[in-house]
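Here's the structure we're looking at; comments come further down.
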């Protein structure tokens, strides 16, 4: 075809390009590009970048984008920015160059209907992220997001909403965030995420916005209607944890997590495994189901799922409980900076669960966990200093660590352990003058925060009479609270389990029950308490002695049977004699219990 000018070459090439006849478009664009036609140069860049009608060649794409961009083509400048932003084919990431191209002046006559909003939005993201030649700046990010919004880029409203919701570089402002999310929701491409974030605001509350579960649920349902996996997970977590006037309902939670799992959500797999492991609230414990779902994520490297496998092997109550397996899974996630797993690796080293006991390794992993946001690890670090385990005993350093947790907000905090540690310092008269009253004050605060260790310490106070009148019933009550927290929250407190076992063994604050004593002593042994095994052996001996006593009584009843039959006087003799046998057995128990 005889084409008389550059514009015709370009127009013919463009028609063929849009019809996906790339082999016809390529020569037309090459002809026009040889005459410095910026739009043809741009389309050649696209074709070489995507391998359309030619072999993919990023360097050639960059060559044509550069020619076009220098001629003022805004679209070419945008893609030059993208190449620098991502880095490819020997080109390192260069955010500075990316920003240069994204924000460069362009020639509208050589850019068709190009609007720079997307480029400005990417510039905002670069400043929000920082690195690769650009210093992080939320102020600059917000500036460019606003520029993008002015140029009708829909995603900008969502990004501005996130800035205000999270308080990045600005004062957190939920009202502003709501306005921007509502604007973003008017665009179908951002509605799902905008609705979800509106729900997050009403779940959190604050900053002039009251918590409102019904409104949050409405927004979540809107996000779910648009396919939001995050929305499904959020609704599942609400039913899993309860709150906002909603009772815990693991059956409903499971239904939502299973729905999210259809989208191949690794977080859903983890949560399904979690519910089957803990059970309750409408769902039966099922270790096989827990393992099946948790492994779906764990085997492909999902860190929460690997952590979940560690929890499963740690807290399952059947014969497949395995601390070595648990440690292996925790270690796998911990090596990839999973803070919860790092904490458990430290804890397993401290206790010698599934690995040789090493306080030095425990300290090292607790520090890693704290550095990665598991701030409660500072309480464990404090306890090692407190007891001088793996480090020189230093009560001042212990107090510093306990206070560090108490003075922190956010992150994964366990104030209870810190309050308990300070209570121990008062109880022992370390750093502070000894004060059982103040110690009890801190223990009670810790117990309010579900510290099993604190409940055990309160039980010890009532059992020993330190600063209070000895009260075995109260001691029994607090040891029982301790063990309930251990069981309900999948926690550790071998001393609390041991102490409750002893209360049943000796009949202190409760009736003597060898059966219940065995239950708690065995649980204590599982958590590494060596003393408990000694008492388990004693319980078995007492059982044998008790059985012999009752057999003697039965033999006597049998031998007296015929003689006593129909003779009231002999029956009275028999009953008095049997009472004596029982009383003797009880005295025997008392002697053995205190020996």
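When Rg and the Kirkwood Rh are both derived from Cα coordinates, the Rg/Rh ratio for the stretch 129-284 amounts to 1.04.
Spin-label pair residue 70-residue 544: with each label point 7 Å from Cα along the Cα-Cβ axis, the two points sit 9.7 nm from one another.
On the basis of the beta-carbon distance and an R0 of 56 Å, residue 108 and residue 371 show a calculated FRET efficiency of 0.65.
Once C-alpha pairs closer than 8 Å and six or more residues apart are averaged by separation and normalised to the residue number of the chain, the relative contact order reads 4 percent.
Over the C-alpha atoms of the stretch 75-177, the Rg to Rh ratio, Rh being the Kirkwood estimate, stands at 1.01. The alpha-carbon atoms of the stretch 264-325 define a convex hull whose volume equals 74 cubic angstrom per residue. Computed across the stretch 405-478, the Kirkwood hydrodynamic radius from all distinct Cα-Cα pairs reaches 12.4 Å. Placing R0 at 56 angstrom, the Cβ-Cβ distance between residue 15 and residue 136 gives a FRET efficiency of 0.80 after rounding to 0.05. In plain terms, if you count all Cα to Cα distances in the chain and split them into 20 Å steps from zero, the share in each step is 15, 35, 28, 14, 6, 2, 0 percent.
Multiplying each eigenvalue of the alpha-carbon gyration tensor of the stretch 448-521 by 5 and taking the square root yields semi-axes of 17, 17, 8 Å, largest first, rounded to whole angstroms.
Computed over the stretch 27-131, the P(r) tail beyond 15 angstrom holds 60 percent of alpha carbon pairs. Over the chain, dividing the summed -39,500 (n - 2.57) contributions of all DSSP H runs of at least 4 residues by the number of residues returns a 222 nm mean residue ellipticity of -22500 deg cm²/dmol. Apply the Kirkwood formula to the stretch 315-385: the hydrodynamic radius equals the inverse of the mean of 1/r over all pairs of different alpha-carbon atoms; give it in Å with one decimal. Evaluated over the stretch 315-385, this radius sits at 11.9 Å.
Extension gain for residue 88-residue 473 works out to 131.4 nm (0.36 nm per residue, less the C-alpha to C-alpha distance).
The numbers here are math on the coordinates, done by the rules we state, and not lab data. None of these values were measured; they are calculated from a predicted model. Virtual Cβ from ideal backbone geometry, glycine too; neighbours counted across all protein chains shown.
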